[in-house]
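Engineer: Take a look at this one; I'll ask things after.
The values are calculated or read from the model by the stated rules, or taken from the named source; none is laboratory data. Being a predicted model, the structure only gives us computed values, none of them experimental. A quick note on method: Cβ atoms are made from the backbone with ideal geometry, for glycine too, and the neighbour counts reach across all protein chains shown.
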C-alpha cells in the first residue's frame, strides 16, 4: 500500500483551458477518497495521470515515491473501468489469473491467490463461468478481483458502477466499502454520482473545471460547503440558491429576498447592505409551526413514499424557488398555499467570489 500525492499538477491538451490546473491532492495510505464532479471536470484525467496512462504537463506525482518517470507497470496500481473490460473467451478464473500469468507465478500460487480473492468477493462458485454467463454485478466483482489479485499499492476505480441498475448499484457499493475496509488498500474512486461519493468516501474531493473546490469528509462537504459550486452539487435534491441582501434595519441581521425574510446564521458576518447568494437546504424548511415566517405556493410535489419533496414558490419581483423535504406523503395539492418555518442552521450565504461567508477553513 502507499500514499498518493499530486503537487501542483497541470495537464493541458493544448486548448485554452487545461484539464487539470495547479492541482494539489494527497490520499493517505489506506484511505478511500472519492472524486466527484460534473462531466468534463477532469476526474478521469486525474485517474489516468495517477495510473501513468497520461503524462502531466507540469507538477509532481508521488505514489510512495516520485512517479512521473515510472511506467504504468512500475507504479504498482490497478484500475477498474466502468465497462469491466473482461476477456470474453476466458472464464472468471481465467480472467482473475491473467495478470498473475503475466508475472509468471507458479500454478499453485496462482490458484491459491485467485481462490482467496474469489472468496473475499463472494464469487467462488462462479469461477468456471464465462463473462456472458454472469450478471452485471458478478462481472463487476470479477473485474475488481482481477485488479486485487495483483495486490496493488493503489486501487483506481473509474465510475465502476455506472452500468449497473439502481438496486444492484446500492448492493455493489456496499460491497466496495466492505472490501476496502478488509484489504485496507488505498483507493481513488471517481464518480459523477454524489450519492456514491457521500456513502463510500472517507473523504470527498469535489472537482470542477479542472480545479479542486473542496476536500473533506462527506459530512463536512455537505454541512460546510466551501463555495456555491459545492453547495449546488452536493445534496439530493440540491440546495436552493437565490440572490439576497443582508439587512440589519430591525436590529437582528437577516437575509431579504424578493420581499421575504430568512434568518441569518449567527456565525455569518453581518454587513448590512451586502449582496449575497443565499442558500437553503431542503431539510431546513418545515411546514407550519409557531415560527413560520414564509408564505409560499406549492408548484410541484414529488411523492417518494418515505418522503415528499415539496417545490414551492415565494412570489415577488423575482420569485424565489425552494424545495422542502417532508416525511411521508402529506395531503398537499399543487397550487395550495402554506406557511414555512426556516431553520437557521440550514441557511447559507455566499459572497461575490462564490465562497461561503462565515467559513472557518
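Engineer: Please state which one of 160, 166 is touching a strand residue (DSSP E or B) at 6+ places or on another chain (Cβ under 6 Å) and more than 13 Å from residue 36 (Cβ to Cβ). Walk me through how you get there before you give the answer.
Structural biologist: Values: 166 fails: touching a strand residue (DSSP E or B) at 6+ places or on another chain (Cβ under 6 Å).
Going through 160, 166 in turn, just one is touching a strand residue (DSSP E or B) at 6+ places or on another chain (Cβ under 6 Å) and more than 13 Å from residue 36 (Cβ to Cβ): 160.
Engineer: For residue 252, which of the numbered conditions (1) part of a loop (DSSP other than H, G, I, E, B); (2) in the same structural domain as residue 41 (by TED's automatic domain parsing) fails to hold?
Structural biologist: Tallying (1) part of a loop (DSSP other than H, G, I, E, B); (2) in the same structural domain as residue 41 (by TED's automatic domain parsing), residue 252 fails exactly one: (2).
Engineer: Shifting gears a bit: Out of all the residues in the range 329-338, is one or more part of a strand (DSSP E or B), at pLDDT 90 or above, more than 20 Å from residue 220 (Cα to Cα) and not assigned by TED's automatic domain parsing to the domain that holds residue 227?
Structural biologist: Just the residues of the range 329-338 that are part of a strand (DSSP E or B), to begin with: 337-338.
Filter once more, keeping what is at pLDDT 90 or above: 337-338.
Then drop every residue that is not more than 20 Å from residue 220 (Cα to Cα), which leaves 337-338.
If we keep only those that are not assigned by TED's automatic domain parsing to the domain that holds residue 227 too, we end up with 337-338.
Within the range 329-338, one or more residues are part of a strand (DSSP E or B), at pLDDT 90 or above, more than 20 Å from residue 220 (Cα to Cα) and not assigned by TED's automatic domain parsing to the domain that holds residue 227.
Engineer: What number of residues within the range 122-136 satisfy the criterion of being part of a loop (DSSP other than H, G, I, E, B), modelled with pLDDT of 90 or more and surrounded by 14 or more Cβ atoms within 10 Å (Cβ to Cβ)?
Structural biologist: Going through the range 122-136 one residue at a time, the tally reaches 4.
Engineer: In the list 244, 226, which residue meets the criterion of being assigned by TED's automatic domain parsing to the domain that holds residue 309, over 13 Å from the mean Cα position of the chain (by Cα) and buried (at least 21 other Cβ atoms within 10 Å of the Cβ)?
Structural biologist: On the way: 226 fails: assigned by TED's automatic domain parsing to the domain that holds residue 309.
The conditions single out 244.
Engineer: So which helices (runs of 4 or more DSSP H) are wholly in the range 170-249 and hold at least 1 residues that are under 28 Å from residue 310 (Cα atoms), modelled with pLDDT of 95 or more and touching a helix residue (DSSP H, G or I) at 6+ places or on another chain (Cβ under 7 Å)? Explain how you work it out, then say what you get.
Structural biologist: Values: elements: 194-200, 218-223, 228-233.
Those helices (runs of 4 or more DSSP H) span 218-223, 228-233.
Engineer: Here's a follow-up. For the range 224-232, indicate whether the set of residues that are within 16 Å of residue 323 (Cα to Cα) and touching a strand residue (DSSP E or B) at 6+ places or on another chain (Cβ under 8 Å) is non-empty. Walk me through how you get there before you give the answer.
Structural biologist: So the first thing to find is which residues in the range 224-232 are within 16 Å of residue 323 (Cα to Cα), and the list is 231-232.
Then drop every residue that is not touching a strand residue (DSSP E or B) at 6+ places or on another chain (Cβ under 8 Å), which leaves 231-232.
Yes, that holds for at least one residue.
Engineer: I've got another one for you. Pick from 292, 324, 270: which is outside any loop (DSSP other than H, G, I, E, B) and either surrounded by 14 or more Cβ atoms within 10 Å (Cβ to Cβ) or without any contact (Cβ under 8 Å) to a residue 12 or more places away in the chain (or both)?
Structural biologist: On the way: 292 fails: outside any loop (DSSP other than H, G, I, E, B); 270 fails: outside any loop (DSSP other than H, G, I, E, B).
Result of the check over 292, 324, 270: 324.
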